[in-house]
Amino acid sequence: MRALVTGAGSGIGRATAEVLTERGHEVVATARRRDALDGLDVAERLVLDVTSDESVAACIDQAGPLDVLVNNAGITETGPLETYPHDVLLKMFETNVFGPMRMIRAVVPAMRERGAGVVVNVTSVEGRVAAPLAGGYCGTKHALEALSESLAFEVGHFGVRVVIVEPGYIAPGMRNAVRHGEDGTPYEELRRQWEGADATMVGPGGRPGPELVGHAIADAIADPDTPLRVPVGADAEMVLGARKELGDAEFTAAMRSLLGIDW
């Protein structure tokens, strides 16, 4: 299969491109900067800015027919919603939500006409459970989850599968995690208490590497019986399992207790 992966310059995207190549797929790896793709042994390396209609059109034209689209490109910037910069919120939705939709509009018509194809949207455990100081990012991932669910209903009729991959905490984390309005504000103590959440959630072994997500994506592409949502990582499975079983108040209390938060 010929698979295009967005955000393949680092982290989950790069690992996914490598795993798919190892599994015999013809991979088109994309990133905003061409040099970010250096060293990737894939079928093709293309520049792609998912926030630009022109860039998306040019990339898809160069990539040719695709069997698989992996929407992975994303950014995150944290901060309390009370003072969260509106321009940053717009930027995050432009990349994390409208970017995947640009790609879907560009790629799905040919899949539909062909009667086959797979769209993998990489969201997060925070696409199902919102965390403090990450409301903007969580909002984008919740939105992408909803769009993915609607898309699955619409295009499944034509033989096109949609899979939502929901990673937990994955090493090395996102490089562009800028903070807004946390230090020296009324929310500084919340930031301090929340700062060790990832270490508590993943346990003494630390965050798993991004190849874990790459293999989950490859498995989803290979298996037509893959469910709509695929949590990845023990922490994701634990949190989403608890969220499914508990009411809002009970879940919040359980998370506060687990993480030692008295905010």
- [ ] Take every Cα pair under 8 Å in the range 1-144 that's 6+ residues apart, average their separations, divide by the length, and report that relative contact order as a whole percent.
- [x] 23
Task: On Cα atoms only, tilt of 234-245 relative to the major axis of the chain in degrees - done: 70
TODO: Evaluate E = 1/(1 + (r/R0)^6) for Ala43 and Ala110, where r is the Cβ-Cβ distance and R0 equals 22 Å; express this FRET efficiency to the nearest 0.05.
DONE: 0.75
Task: Three-way shape label, the chain, alpha-carbon gyration tensor, a/c 1.5 - done: prolate
TODO: Output the relative contact order of the chain, whole-number percent, from Cα pairs under 8 angstrom with separation of 6+ residues.
DONE: 20
Task: Environment charge of Glu94, counting only residues whose C-beta is closer than 12 Å and scoring Lys/Arg +1, Asp/Glu -1 - done: -1
Open item on the list: Tell me whether the range 1-67 comes out rounded, prolate or oblate; compute the Cα gyration tensor, take square roots of the eigenvalues as a ≥ b ≥ c, and use a/c under 1.5 as the rounded threshold.
Closed with: oblate
Task: Electrostatic dipole magnitude of the chain [Cβ: Lys, Arg +1; Asp, Glu -1; Cα centre; debye, to 20] - done: 320
TODO: Amide H neighbours of Glu26 under 5 Å, at least 5 residues apart or on other chains, H built in the peptide plane: list them.
DONE: Arg2, Ala3
Task: the range 33-75: C-alpha gyration tensor shape, a/c 1.5 cut-off, then a/b vs b/c - done: rounded
Task: Extension gain, Arg2 back to Ala254 (0.36 nm per residue minus Cα-Cα distance, nm) - done: 86.4 nm
Task: Among Met103, Met238, Met201, residue whose mean-square fluctuation peaks in a GNM of the chain (springs only between Cα atoms under 10 Å) - done: Met238
TODO: Measure out, as a whole number of angstrom, how far apart the alpha-carbon centroids of the range 166-209 and the range 134-150 sit.
DONE: 19
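Out of the range 16-47, which trypsin sites (Lys or Arg not before Pro) are coil in DSSP terms and have no more than 12 other C-beta atoms within 10 Å?
Arg33
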- [ ] Pull out the extension gain between Arg23 and Leu246, defined as 0.36 nm times the separation in residues minus the alpha carbon to alpha carbon distance; nm, one decimal.
- [x] 76.4 nm
TODO: For the chain, give the percent of accessible area contributed by carbon and sulfur heavy atoms, probe 1.4 Å, rounded to a whole number.
DONE: 54
Open item on the list: Restricting to DSSP H runs of at least four residues, report the calculated mean residue ellipticity at 222 nm for the chain, -39500 (n - 2.57) per run over all residues, nearest 500 deg cm²/dmol.
Closed with: -13500 deg cm²/dmol
Open item on the list: Report the Cα-based extents of the range 72-151 along its three principal axes, largest first, to the nearest Å.
Closed with: 47, 23, 17
- [ ] Determine, for each peptide in 48-54, 118-124, 244-250, the mean count of other beta carbons within 10 angstrom over its residues, then list the peptides with the highest first.
- [x] 118-124, 48-54, 244-250
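The values are calculated or read from the model by the stated rules, or taken from the named source; none is laboratory data. Being a predicted model, the structure only gives us computed values, none of them experimental. Neighbour counts are summed over all protein chains in view; Cβ atoms, including those assigned to glycine, are modelled from backbone coordinates with ideal geometry. Only protein heavy atoms, including side chains, enter the accessible area calculation; ligands, DNA and RNA are left aside. Shrake-Rupley method; radii C 1.70, N 1.55, O 1.52, S 1.80 Å.
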